[in-house]
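Okay, so here's the structure we're looking at.
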Ligand code: ADP
Ligand code: MG
């Protein structure tokens with residue numbers, strides 16, 4: 001699914017009201033659209049609907065019970081973009097710089113010309129890892145769940161970015177969140193993945209381990225700490241503070257270049273009290289270990305850090321409990337659980353999940369309850385009959401198509 005900003009210009013404020021019904025219905029019955037949109041007279045509504053359908057912002061769905069329309073990802077994008085524009089957070093839309101499995105990353109600009117990043121969450125867009133998880137998804141799917149879950153992911157990421165930033169962690173500045181999108185500051189740096197030469201790998205390595213431990217001291221585990229989610233800024237290491245004038249980094253000797261990591265991508269963050277905290281912690285640590293070994297042939301002679309060490313530091317000298325602060329800010333434990341369950345169901349495993357050397361844990365998990373689930377599924381199919389089939393096909397279908 002690509003963000004296509006062109007057609008937004010031709011939409012009227014009335015067109016945007018068609019969303020109203022999709023709060024409670026994935027497929028909104030046509031008469032309800034008229035009613036909720038508050039547009040008087042049938043022809044106005046029908047004009048809006050046909051406008052929106054032409055640009056693929058909504059899609060017609062016929063099923064056994066009634067005809068209606070459902071919002072597409074494209075439609076939801078427009079609603080979010082419209083809100084960001086109204087709030088003067090985004091003035092113009094530029095290039096897409098990243099296509100993750102679960103998000104699109106787009107450079108946008110403020111009216112001042114300042115560049116920013118728009119991250120559009122697209123949970124459940126692709127990567128139903130196995131046929132079985134796919135079936136699970138269908139079975140547990142609640143109305144419009146991909147929209148709701150993508151919004152939860154955006155809310156979660158925004159909430160964590162905010163508390164991290166406020167507590168001195170090097171993360172982008174969170175600017176605004178709307179529906180399934182967030183706007184943040186653009187970090188002028190490349191992911192570690194793209195850095196071919198690191199002059200002093202031991203320094204960067206220990207700095208990254210320190211960040212993992214520092215996060216834990218504040219009650220948090222990143223959960224997807226890897227070379228894609230660590231942006232590396234090159235700065236001149238200048239302890240005396242003399243060389244303040246702008247310099248061309250190519251002219252600076254390697255020993256004087258300091259690599260400053262900035263951490264991004266927080267939808268998978270967990271509390272240090274999470275039941276699987278240790279597994280997430282170890283996975284984060286091992287991701288970095290493995291990457292440094294493979295890419296820079298660097299193996300630290302200091303073992304660990306272990307989760308036990310991290311907990312000890314956390315008990316002895318705790319920072320502010322940011323996990324608790326996020327909860328207090330409105331991203332509740334219940335929301336966290338809902339999102340986590342959904343991510344598990346659709347096989348979201350962060351950037352790490354796409355790599356060959358990952359993914360064993362989830363396979364095991366999947367096998368555990370297979371029999372039981374098969375039974376449930378059968379029962380449910382009998383209950384539901386076939387009426388929901390078409391809307392599901394189309395909702396997955398256009399997401400996948402749009403992704404090419
Ligand atoms: P995903 O959840 O799809 O992995 P990320 O938040 O990790 O999304 O972003 C994907 C990529 O987009 C990153 O690896 C990075 O290259 C780029 N990116 C994301 N946020 C920013 C930002 N604030 N500044 C600069 N680049 C960014
Ligand atoms: Mg990422």
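Bear in mind these aren't lab numbers, they're just calculated from the coordinates by the rules spelled out. What you see is a predicted model; the values in this text were computed from it and never measured. FYI the Cβ positions are ideal-geometry reconstructions off the backbone, even for glycines, and counts take in every protein chain you see.
What ranking do 258-267, 94-103 get when scored by the average of other Cβ atoms within 10 Å per residue, highest first?
Details: 258-267: 20.5, 94-103: 15.5.
Per-residue Cβ counts within 10 Å, averaged per peptide and sorted highest first, yield 258-267, 94-103.
Compute the distance in nm between two label points, each set 7 Å from the Cα along the Cα-to-Cβ direction, one at residue 324 and one at residue 233.
3.1
Along the Cα→Cβ direction, 7 angstrom out, place labels at residue 306 and residue 86. What is the inter-label distance in nm?
Distance between label points: 5.5 nm.
By how many nm would the segment from residue 257 to residue 63 lengthen if fully extended, with 0.36 nm per residue of separation less the alpha-carbon distance?
Details: separation 194, 0.36 × 194 = 69.84 nm, distance 6.20 nm.
Between residue 257 and residue 63, full extension yields an extra 63.6 nm.
Rank by packing, highest mean first: peptides 225-232, 250-257, with packing defined as the count of other Cβ atoms within 10 Å averaged across residues.
Values: 225-232: 23.2, 250-257: 10.6.
Highest mean packing first, the order is 225-232, 250-257.
Please compute the modelled spin-label separation between residue 290 and residue 334, points set 7 Å along Cα→Cβ, answer in nm with one decimal.
3.7
Calculate the FRET efficiency for residue 317 and residue 53 from the Cβ-Cβ distance with a Förster distance of 60 Å, rounded to the nearest 0.05. Write down the numbers at each step before the final one.
Numbers: r = 58 Å, r/R0 = 0.97.
Computed FRET efficiency for residue 317 and residue 53 comes out at 0.55.
Full-extension gain between residue 5 and residue 194, please, as 0.36 nm times their residue separation minus the C-alpha to C-alpha distance.
Details: separation 189, 0.36 × 189 = 68.04 nm, distance 2.89 nm.
Taking residue 5 through residue 194 to full extension adds about 65.1 nm, to one decimal.
Could you order peptides 78-91, 187-200, 145-158 by the average number of other Cβ atoms within 10 Å of their residues, highest first? Display every interim value, and only then the final one.
On the way: 78-91: 18.5, 187-200: 14.8, 145-158: 23.0.
Ranking, from highest mean packing down: 145-158, 78-91, 187-200.
Please give the contour-minus-distance gain from residue 35 to residue 247: 0.36 nm per residue of separation, less the Cα-Cα distance, rounded to one decimal in nm.
Details: separation 212, 0.36 × 212 = 76.32 nm, distance 6.21 nm.
My answer for the length gained is 70.1 nm.
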